[in-house]
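These notes are about the structure you will find just below.
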Amino acid sequence: MQLKKFVSLLVALIVLSGLFAGCTPKSAEPAKPTEVVIGVYEPMTGAQAAGGVQTMQGVNLAYEQKKEVLGVPIRMVLVDNRSDKAEAATAMTRLIEQEKAIAVVGSYGSSNSMAGGEVSEKAGIPVMGCSPTNPLVTEGKKYYFRACFIDPFQGRVMAKYAVENGITKVAIIQNISQDYSVGLAAFFRQSWKELTGSEDGIVAEAAYQDGDQDFTAQLSAIKDAEAIYAPGYFGDAALLMKQAREMGFTGLFMGSDAWEAPELISIAGLASEGAVFSSHYSAEAATTPASKPFVDAFIAKYNETPSAMAALGYDAYMLVVDAIERANSFKPEDIRNAIAATKDFPGVTGSITINETGDAVKDAVVLVVKDGTFKFLATVKP
């Protein structure tokens, strides 16, 4: 009898527990956020400010066109890294820890990006670089990507240009304070040797540091060079050109993508005429369906033709938004994986595919200073 009562009670308890279990509410779906933050860190002040300002022209235009993703408003937060490595790391920390950015865009200047990348890597936040070309920016990094080509290709572009245009004697002048300049000088030297069979044609090499404004010593070391390759930032290059012409140098000036700033021409004046350099984009050589609408919108907003830095800033922001949409998620890890899988993205600077090292595979262009403006010369494929 006792056993029968016990069994009946047990059955009743089982039935009741099943009923209550059926009434238990399912775990709630994660609430849709009221906004998401995309951070940007660029040099808005300091020696590299012109590059940062140009980049932000493109980023701001992209933000105007894409202020929402997956039905959620985007809040874009810009922090000035002041053209300084330590400040770049601080800016990245603020964007991640205080602003709660789910992804970051930037920065102009490879040294800035390398410093910021150490912070983002530890935090697991994806970053899309606009124009940092030194290979070390993405090397060994899981979360850092870029919308631009890298310096081994850029160095080869200009070495090839020199050789194909009959230059047999070249001098290299580099800024040893900047990873960007040092790396490009090395890649140019390596490519020159591969293309000519020796380094004999490099007749002189000289170095300077951040803050130097008198290049007399460096230029005095250049003997009978037909060309000077000076892969540095526009301000240094402009002063170097001006002083070289004053000292009687009549050869060709060759440089890199960081030369593309109006200040190069305004500071150097006529000394810059005929100078050539590698870059990422020219409105004269638009190659994708996105290019013309971008140029039209840019001119309407700023009343000027977009620079390569502006175009890269636009592409970098749009690449991040595209990755969020494809990931269908606001989780940084999901966004990171979507960026890594980017293939044939129709950017304004060209079709963009992210390779296994986080770098964009794309063409370069060569620009020339002609009649006081930057003009398209040629497209060079990887």
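Quick look at the numbers
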{"read-out": "Exclusive hit being within 21 Å of the chain's Cα centre (by Cα), on the phi < 0 side of the Ramachandran plot, touching a residue at least 60 places away in the same chain (Cβ under 8 Å) and surrounded by 15 or more Cβ atoms within 10 Å (Cβ to Cβ), set Glu260, Glu273", "value": "Glu260"}
{"read-out": "Test: residue in the range 187-198 that is within 22 Å of Ser272 (Cβ to Cβ), buried (at least 18 other Cβ atoms within 10 Å of the Cβ), touching a residue at least 40 places away in the same chain (Cβ under 8 Å) and not hydroxyl-bearing (Ser, Thr, Tyr)", "value": "yes"}
{"read-out": "Residues of the range 291-333 satisfying the condition of being surrounded by fewer than 16 Cβ atoms within 10 Å (Cβ to Cβ) and either outside the structural domain of Asp344 (by TED's automatic domain parsing) or not basic (Lys, Arg) (or both)", "value": "Pro293, Asp296, Ile299, Ala300, Tyr302, Asn303, Glu304, Thr305, Glu325, Asn328, Glu333"}
{"read-out": "Subset of the range 28-47 (residues that are closer than 19 Å to Arg94 by Cβ and either among the basic types (Lys, Arg) or out of contact with any Pro (no Cβ under 8 Å at 6 or more places or on another chain) (or both))", "value": "Val37, Ile38, Gly39, Val40, Tyr41, Glu42, Pro43, Met44, Thr45, Gly46"}
{"read-out": "Hey, Leu78 in contact with a helix residue (DSSP H, G or I) (Cβ under 9 Å, 6 or more places away or on another chain), under 22 Å from Leu61 (Cβ atoms) and without any contact (Cβ under 8 Å) to a residue 40 or more places away in the chain or not", "value": "yes"}
{"read-out": "Qualifying residue in the range 273-291 (condition: acidic (Asp, Glu), within 18 Å of Met56 (Cα to Cα) and out of contact with any His (no Cβ under 9 Å at 6 or more places or on another chain))", "value": "no"}
{"read-out": "Residue, farthest from Tyr314 (Cα to Cα), within the range 350-382, restricted to residues that are at pLDDT below 95 and among the hydroxyl-bearing types (Ser, Thr, Tyr)", "value": "Thr379"}
{"read-out": "Options Asp334, Asp322; residue that is within 19 Å of Lys67 (Cβ to Cβ) and assigned to a helix (DSSP H, G or I)", "value": "Asp322"}
{"read-out": "Residue in the range 19-41 that is surrounded by 10 or more Cβ atoms within 10 Å (Cβ to Cβ), more than 23 Å from Pro332 (Cβ to Cβ) and either at pLDDT below 95 or not β-branched (Val, Ile, Thr) (or both) present", "value": "no"}
{"read-out": "For Tyr180: the one exception among (1) at pLDDT below 95; (2) not in a helix (DSSP H, G or I)", "value": "(2)"}
{"read-out": "Residues that are outside any strand (DSSP E or B) and buried (at least 23 other Cβ atoms within 10 Å of the Cβ), drawn from the range 67-95", "value": "Asn81, Ser83, Ala88, Ala91, Met92, Leu95"}
{"read-out": "Leu312 being under 27 Å from Phe145 (Cβ atoms), of a type outside the set (Ser, Thr, Tyr) and assigned to a helix (DSSP H, G or I)", "value": "yes"}
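Per-residue answers, yes or no, for (1) in the same structural domain as Ser111 (by TED's automatic domain parsing); (2) touching a strand residue (DSSP E or B) at 6+ places or on another chain (Cβ under 8 Å); (3) among the hydrophobic types (A, V, I, L, M, F, W, C):
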site	(1), (2), (3)
Ala230	no, yes, yes
Asp236	no, yes, no
Met241	no, yes, yes
Thr250	no, no, no
Gly255	no, yes, no
Ala258	no, no, yes
Ser266	no, no, no
Glu273	no, yes, no
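The values are calculated or read from the model by the stated rules, or taken from the named source; none is laboratory data. Please read all numbers here as calculations on a predicted model, not as lab measurements. A quick note on method: Cβ atoms are made from the backbone with ideal geometry, for glycine too, and the neighbour counts reach across all protein chains shown.
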